[in-house]
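Trainee: Got a structure for you, questions after.
The values are calculated or read from the model by the stated rules, or taken from the named source; none is laboratory data. Here the structure is a predicted model, which is why all the values come from computation and not from measurement. Backbone-built Cβ (ideal geometry, glycine too); neighbour counts: all protein chains shown. Please note that ligands, DNA and RNA were not included when accessible areas were found on the heavy atoms of the full protein model with its side chains. Shrake-Rupley method; radii C 1.70, N 1.55, O 1.52, S 1.80 Å.
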Amino acid sequence: MGSARTGSSRTGPPGPDPLGTELLDPGRRGRWFGRPGSRPWMRRPPGSGPLRRSREDRLAGGVAAGLAARTGLDPTVVRTGFVVATVFGLIGAALYVLAWLLIPAEGADTNIAARALTDRRGIALVAGLASLLVVVLVIASALRASWVGSLAWPLVISVAGLTLIWRNAPPDEQAVLQRLADPLLGLAHRGGSRRRLVARVAIAAVALTLGLDWLVTGHQVAGALREIAGVILVVAAIAILLGPWWVRIARDLMIERQARIRAEERADMAARVHDSVLQTLALIQRRAEHPQQVIQLARAQERELRAWLFDGQAPGSLDGQDMTLAAGIRLIQQDVEAQHEVPVEAVTVGDCELDDDLRALLAAAREATVNAVKWSGAPAVSIFAEVEPAGVTLFVRDRGRGFDPAAVPADRKGLAESIHARMARRGGTAAVRTAPGEGTEVSLTMPRAAERQPGRP
Amino acid sequence: MTGPAGSGVPSRPGQAARGQARRPRVVIVDDHGLFRSGVRSELGDEVEVVGEADDVEPAIALVSACLPDVVLLDVHLPGGGGQAVVTALRASHPQVRFLALSASDAPEDVIAVIRAGARGYVTKTISGPDLVDAVRRVAGGDTVFSPRLAGFVLDAFAALPADGPGVPSLDPELDQLSPREREVLRLIARGYTYKEIARELFISVKTVESHVSSVLRKLQLSTRHQLTRWATERRLA
């Protein structure tokens, strides 16, 4: 039972590094559940490409998240399916473990099974374990319990599969397993006083035996009643046994999620401070000989900062309630033209309402436009955005001096944090095409969630 | 309709000045005198400005009288808009070509002038050399799509399938853009020149030009009134 249960209780790779690379990965979306909408079980349009286990959204092996990404279902729905199938004769658990073995992880070419084939000791161990299990099951079914037979194969497959995964998975997946198993083992070692543990195990064992017995031999006088009582007893036994473990996993998850949200907020804040305050300071230095302009810039920046700190209105974040994408781009055009006196040509095809993802896209576009105006030396900058059902594409182009991307120092924040990471945090991508003397083109794409289309009247 | 594709109009203004025997003769139609003189000075010696007009009626009279190669036409005119000028003159003077020049952002105005028969549209923010280049291209029979016009056209054709299924398409060929044409339009909208597009798509500049001409033809000949309706609805949306 345990192996598939774990599938519903954890997210994300473990790790003490909340600001680390997991934040910057484009595929990751920090949500468990789909957006509220007309079809809450659909999260986004079905993906293309080979089926892969998700690294980013995984609770155990990432099978459910991988399937979800491929089919467009919400991962929670897929996970629930596995759990339900597990309740019915452990089939879900067996399928999950098989999928874990056979589907390669995201970014990998080979699956764990291929690696396991070369693991001779592992195979021997599995064969021994499986035969032992089969013997136990055969004895059990010979004694009386015919129901054991229906559980036998899924159980053998799950145990054998998990053993192979344990031995052959890459380190990060082993860490996931470790983390799942830790609290369970901890029950035996440090989970409160020994006496309480013994009492719990004893009560659970009695309840489990009684319940299973009533369940499988229940077709007698008050059959239905006894079956219901049996189910209740079994559930109670499982809760007594594994309850503390689940509580602990849930608590860990919550802590991890909070840490991640805080880290994202910090990154967002850094990006915003960079966009507004640092950019303005740079401008002030460049225009030091025009006191009037410097005063104007400083005033504007002060206004923006006050609005941000005291009214909660993020600078340049386009917080307008019913703002559309085209209106947002027009705003960028106006602001940049007013601040930098360089004409910006903006063309949009289609339009749609803004959401948080598209606001991030606009913020990245603003940053790219300001960069182009400031550094390219081009007489004009073009923005082109196209709204399609699957996503929004945006290009910022200049014919200026261009640059060598390899020569940009790593600590220059503009491109890395404000554009790439900002897009990645929302599941979008950013690419820069440039060379010295060739001008620069920044292309941004942001997928749209399924329920928000179509954007056209 | 698509114009003499082989008229030898080079893609660079500098080369054109040497290559062409005669400077294109141009009439400027705009209701703002200040803007007319601005355009005149920007065009400089590269073209020959043969006259100016400030409204529909004087423009029609002037163009009929001096038969210029290109009419630079403001989309907004007090007496009925630029399209009135094009409509009045097209049948009687097919050799006169129109290039719409406007500060207007309204797609319905732009599409209307193009559908009436103008061979291109550029915004008033265009630089002097680019404007000279555009005039020369139109004079040579080519079409000139500014990024904004390319965006409008993409939008208009994208809107078509979503519109009234009750009206069957008489000529599907005319009512849809080919994938290649869409690609070319997207690159124009992104600010690429024809030459850059040619390099990007591994085709010749001539091929780019013929794609753009074909888009213009579809825009003008498509019988679907959705195309015009789109433009008006877009503003309401």
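Trainee: Over all residues in A:346-354, what is the mean tally of Cβ atoms on other chains that come within 10 Å of each residue's Cβ? Working shown, then result.
Mentor: On the way: counts 4, 14, 5, 13, 6, 3, 0, 0, 0.
For this peptide, the per-residue mean of nearby foreign Cβ atoms is 5.
Trainee: Would you work out if the stretch A:335-391 is rounded, prolate or oblate? Take a ≥ b ≥ c from the square roots of the eigenvalues of the alpha-carbon gyration tensor; rounded if a/c is under 1.5, else prolate when a/b is larger than b/c, oblate otherwise.
Mentor: It comes out prolate by the Cα gyration axes.
Trainee: Quick one: which of B:176-186, B:211-221, B:131-141, A:368-378 comes out on top by average Cβ neighbours within 10 Å, and what's the full order, highest first? All intermediate terms of the calculation are to be shown ahead of the outcome.
Mentor: Numbers: B:176-186: 18.0, B:211-221: 19.7, B:131-141: 24.0, A:368-378: 21.5.
Most protected by this proxy first, the peptides run B:131-141, A:368-378, B:211-221, B:176-186.
Trainee: Kindly compute the accessible surface that chains A and B hide from a 1.4 Å probe when together, both sides summed, and give it to the nearest 100 Å².
Mentor: Protein heavy atoms only, the A-B interface buries about 1600 Å².
Trainee: A further question follows. Report the calculated FRET efficiency for residue A:281 and residue A:235 (r = Cβ-Cβ distance, R0 = 60 Å), to the nearest 0.05.
Mentor: 0.45
Trainee: Shifting gears a bit: Averaged over its residues, how many other protein chain Cβ atoms are within 10 Å of peptide A:383-393's Cβ atoms?
Mentor: Numbers: counts 4, 12, 3, 7, 2, 1, 0, 0, 0, 0, 2.
Mean partner-chain Cβ count within 10 Å for A:383-393: 3.
Trainee: Packing-wise, with mean Cβ within 10 Å as the measure, how do B:80-86, A:429-435, B:39-45 rank, highest first? Before the final figure, lay out the partial values.
Mentor: Values: B:80-86: 22.9, A:429-435: 16.3, B:39-45: 14.6.
Result, highest mean Cβ count within 10 Å first: B:80-86, A:429-435, B:39-45.
Trainee: Please work out whether the stretch A:52-134 counts as rounded, prolate or oblate from its C-alpha gyration tensor, where a ≥ b ≥ c are the square roots of the eigenvalues and a/c under 1.5 means rounded, while otherwise a/b larger than b/c means prolate and anything else oblate? Each step should come with its number before you reach the end.
Mentor: Working: a/c = 3.48, a/b = 1.36, b/c = 2.56.
Here the stretch A:52-134 falls in the oblate category.
Trainee: Right, something else. If you count, for every residue in B:147-156, the Cβ atoms of partner chains within 10 Å of its Cβ, what is the mean?
Mentor: Numbers: counts 7, 6, 1, 3, 8, 2, 1, 6, 8, 1.
If you average over the peptide's residues, the count of other-chain Cβ atoms is 4.
Trainee: Turning to a different aspect of this structure: Using θ = phi - 60° and the Karplus curve 6.51 cos²θ - 1.76 cosθ + 1.60, what whole-Hz ³J(HN,Hα) does each residue of the stretch A:81-89 get, with Gly and Pro shown as x?
Mentor: Once θ is set to phi - 60°, the couplings for the stretch A:81-89 become x, 4, 5, 4, 5, 6, 4, 8, x Hz.
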